[in-house]
Each structure stands twice: as C-alpha cells, then as structure tokens.
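Reading through the structure tokens given below for one structure.
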Amino acid sequence: MNRNLFWSVQFVFGIAIIAAFSLASPEAKRLVKQEITGKPVVETIEITRTEPLRIAPLYDRPEMVSDDDLAAVLWQVRPKFKRKGLRPNLVEHAIRTWSKDATFLDPAVLSGKDLEKFLLDNSTFMLSWDEKAKPLLEDRREGIGVNWGRVRSVSVHHDHMLACVTEAGVRLDEPVFLPTQRQATVKNIVQESLRDFKLDERETEWTAMAFGLWLPPTKQWRAADGRLMSFDLLAERLIRGRLEKGVCSGTHRVYSLILLWRLDEEFDILSDPVQKRVYDHLAYVRDLITASQFEDGHWPSNWGDGARAVTQPRNDELKDKVIATGHHLEWLAIAPQELHPPREQIEKAARWIIKTTKEQSEEEIFLRYTFFSHVGSALALWRKTSPSDFWRDWQHQHPEYKFK
C-alpha cells in the first residue's frame, strides 16, 4: 500500500471514529473518556436556575406565636458574634436562619451580606483567623471544596455550609474567593459536592437539602465513582437507621425528608413507591412525637421511643430539649396538617420553646446558638414569614425597644 493510500484510509477511519463518538450516548462518551484517561469522568450536571428553590411555609398562627413573642425570640438569636476566631458553624446557622438579605440597625450584629462574605470570601475569613488556621474553602483540581471536621476554623458537617447558604438564598453565580486568589462561584461548590458525595456517608441530611433545592427537575446524577445517584436513594438513606441517631437527635433527617416530599409535589423527583415510603415514615414520626411529648410541651432527645420516652424519661440537658422541640416545630411548619400531632400539642410546644428562649441570657444563647437559631426559624415559619422579613419591619417600627 502506498503512503498516500495509507494516510487516506487513516483519515477516513479517524473521521468515522469522531462521527461515531459524536452520536454516542452521554454514558458511552463518559466511559470512553474514562478508559482513555484512566480516571473517573463525571459529566457536569446542568442546573437550570440561578436562585435556589424555596419551600414556602403553610401556616400563619398569630394566636400561637404573637408578634411580640417572635420579636423577642429573634432578638435572642441575632448574629451578634465576636469577630475574632469566629466559627463557621455559627455563621452557617445564622445565615440559614436570617438569609443573605438580613439587615440590622445595630452595627455590632452581622448582616446577611457579612455572613455570606465570611463563608465565601477567604480574605474576609482570614480577618477573623490567620494564616495558620485551616481555611474553610479549598481549591481542588476538580472544583471548590469546603473543609469540614473537628477543627474550629472549618465546617462541622459535610455539605452543611452548602446547604445553609442555599437555604439562605445565595445565588448560583455568587462569586467565591479562594485562598489561591482564584475566583469561582457557588456553582463550583455545588458541582464538587455532586462529584464527591457517597451514599454510605454517616450524614446525608445536608446533601439532600442542597441537592433538593438546586437540582430539580433533574432526578438523578453520577458521582465520581460513576455510580448513579438519585433522590430516591437519598430519601431511602435518610429513612434508614435508628430514628434518633442522626444529627440533632435525628430531627434533621426528618426535616430533609419533608423538604424532599414537598419538592416532589411540584417536580416529581421521587418514584411513587419511594414517595409513599417517605410519607409513611413521616406519619410514623408524627405518631411517635404525639406520644413522646412531655406535659410542659417539650420533646425529649429520645422522642423516637414514643410513649416510653415519657414513662422512662432520659436525663436530658436543656440543650437536648431545645434541639428536639425547636427542630420538630421547624419541620412541622412545612408539613401538611395530616402529618401533624394534635394542634394543642403543637401550641404547647411553641409556648415552652418561646418561654425557654426568652429566659436565656446573652451568654447562654451564644453557647447554644446553633440550637436556638432553629427556634427563630421555626417560629417565623409558623407566622408565614422569614426572620429577615419580619425583623426588617419590626426594627423600623420599634427602633427604641430593648428586649430583656
């Protein structure tokens, strides 16, 4: 074969390969790329929105949570933090409760924009810490990671920061400034989370929340190991295991499940069998908290024991009661009435949590801020509002008012 004929054949062959590749399915293309590079290849998930979805509250109960009571509770959970060595966990909870739009007349209180900059701008983060501290944000080859663990300068839970800024309404194209000086966006954080998620992680509550508020109508995606993920798998993972063994006595798993259930109503992200499983599980939780509430209105940390939690009480600390009661009130505020315990029990829980929160000193609130922040969020939901919207109006109407 002469040289010209040889190269002509090679050229035609190459064109044929290119044409075949262009016509291949996305999954076939992924497998070819993975075989060539020898590394896992994950296609970028298209996110069709620039602002996260929001789960709207369903009720307005002024007879249960008055304006004065809501204002008093929100006063207690203002993000009035010392700036030096500020723990990301506090900021994450604060921005989730108050949103990116929160403003305060008191300059000592961090606004929503201040909280956002602390989490997404490494230079602002470093003003609170120093070069020796482990940074919150990490510039990775594949994307933007959020460091987490027991070190005080990082997030406490995997995907917790992402879930919190998502619920706070931070946009997908919001700039993120890294320790390497490279600029990215929140989208890079979401995409990295999609890549590195593993279904057998100990905590999937935050991942379910973040993915649920960004991805629909997408129902499934691939992780870095090539495994097909879906909201069905996430929901089943949240249901699995002993009820109180998840974060905050298992209450975050319940919140994430009702969030997915509400999203499924609009976007059909769950299969019919899994949707029913989720609903049945939430109905089971309803029955357990109906039986496990104490006479004063609080729920205990072992609420999953049902009536036995009352007849064989656990020696809970105050924080444990606040966690269970505040978190249950929060998920119930976005759940349909058929998943509620009797109305008088919800009202009793609200009275207990309002009284308890108002009684705390500023120092006591700070030491347990992450738990009490959920109280502010829950009570605002029961008034069909948000802390930032309510507070914006309240502080302008009562600029001279000083809560005790």
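Pairs exceeding a 27 Å alpha-carbon distance, out of Lys348/Lys384; Lys100/Lys134; Lys117/Lys319; Lys113/Lys187: Lys117/Lys319.
Helix 387-397 axis versus longest C-alpha principal axis of the chain: approximately 50°, rounded to the nearest ten. Only Cα pairs under 8 Å and 6+ residues apart enter the sum, and on that basis the relative contact order of the chain stands at 20 percent.
The angle separating the long axis of helix 205-214 from the principal Cα axis of greatest extent in the chain is about 70 degrees.
Neighbours of Arg61 by Cβ distance under 10 Å: Lys/Arg scored +1, Asp/Glu scored -1, total 0.
Seen from Arg140, the other residues with C-beta closer than 10 Å to its C-beta sum to a net charge of -3, counting Lys and Arg as +1 and Asp and Glu as -1. For the pair Lys319 and Ala108 in one chain, pulling the backbone fully straight at 0.36 nm per residue adds 73.4 nm over the alpha carbon distance. The Cα atoms of region 135-290 cover 51, 33, 30 Å along the three principal axes, with the biggest extent listed first.
Normalised by the number of residues in region 173-249, the mean separation of alpha-carbon contacts (under 8 Å, six or more apart) gives a relative contact order of 24 percent. To the nearest 0.05, how large is the calculated FRET efficiency for Thr50 and Ala291 if R₀ is 30 Å and r is the Cβ-Cβ distance? The pair Thr50/Ala291 has a calculated efficiency of 0.10. Segment Lys132..Arg240, full-extension length gain: 34.9 nm, with 0.36 nm per residue of separation and the alpha-carbon distance subtracted. Please give the helix 186-196 orientation as an angle from the longest Cα principal axis of the chain, in degrees from 0 to 90, rounded to the nearest 10. Relative to the chain, helix 186-196 is tipped by roughly 70 degrees. Database remark: amide H of Ile269 closer than 5 angstrom to the amide H of Asp264 (H placed geometrically; neighbours at sequence offset of 5 or more, or on other chains; Pro and chain starts carry no H).
In plain terms, the residue of Val274, Val285 with the fewest other Cβ atoms within 10 Å comes first and the most crowded comes last, giving Val274, Val285.
For the chain, set up a GNM with springs between Cα atoms under 10 Å and report which of Pro57, Pro336, Pro88 has the largest fluctuation. Comparing Pro57, Pro336, Pro88 in the GNM, the peak value goes to Pro336. Compactness check for the chain: Cα Rg over 2.2 N^0.38 Å is 1.12.
Read-outs throughout are calculated quantities, based only on the coordinates presented, and are distinct from any laboratory measurement. Because the structure is a prediction, the values reported are computed rather than measured. For neighbour counting, all protein chains shown are included, and Cβ atoms are generated from backbone atoms with ideal geometry for every residue, glycine included.
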